[in-house]
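The values are calculated or read from the model by the stated rules, or taken from the named source; none is laboratory data. Since the model is a prediction, treat every value here as computed from it, not as a measurement. Counting neighbours? That spans all protein chains shown, and the Cβs are built from the backbone with ideal geometry, glycine included. Quick note on the areas: whole protein, heavy atoms, side chains included, nothing else; ligands and nucleic acids left out. Shrake-Rupley method; radii C 1.70, N 1.55, O 1.52, S 1.80 Å.
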Amino acid sequence: LGQAASWLKRFASDPTQGQHALPPLDEASATSFQRKVWKLLDRIPSGTTTSYSDLAKQLDSSPRAVGRAVGSNPWLLLRPCHRVVGANGQLTGYAGGLPRKQALLMHEGASTV
């Protein structure tokens, strides 16, 4: 918990200072596909976005399957699912709500908001 709090403080003060090392995240209940999707989420740089279809292409999967895996991510800020947008660049689904997703992307300086 202390590591997560430290990570959140660094993110709040400067979300663009590289990919901060994540604290250990419990993935015991995740499927192997979810883990693959989540690893891709971890690689999306702060201040950028990608689409569900782009992630699906990397995994030879469907955007819907990727969307389900992204939506099952229990670590909303720590694992940056807010950086995934629709193929047209529009904000879509976020467990924290679209206004929060937009605010996070703006905080990171993303051009797609």
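Within the same chain, lysines fewer than 8 places from K36 are excluded, and of the rest, those with a Cα less than 19 Å from its Cα are K57. Put E108, E27 in order of accessible area, highest first, and with a 1.4 Å probe you get E27, E108.
Taking all protein chains as they are arranged and a probe of 1.4 Å, the heavy atoms of W75 leave approximately 80 Å² accessible to solvent.
Each listed q (0.12, 0.20 Å⁻¹) maps to a log10 I(q)/I(0) for the chain, found by the Debye formula over equal Cα scatterers with no solvent: -0.38, -1.11. Across segment 58-98, the convex hull enclosing all Cα atoms gives 76 Å³ per residue. Ordered from largest to smallest accessible area (heavy atoms of protein chains, 1.4 Å probe), the residues R83, R10 come out as R10, R83. Summing Lys and Arg as +1 and Asp and Glu as -1 over all other residues whose Cβ lies under 15 Å from the Cβ of A4 gives a net charge of 0.
Rolling a 1.4 Å probe over the protein heavy atoms gives the chain an accessible area of 56 Å² per residue. When the solvent-accessible area of the chain is split by element, carbon and sulfur atoms take up 54 percent of it, the probe being 1.4 Å. Rounded to the nearest 0.05, the FRET efficiency derived from the C-beta distance between D60 and A12 at R0 = 25 Å is 0.10.
Given a 1.4 Å probe and the protein chains as shown, H82 ends up with an accessible area of around 0 Å².
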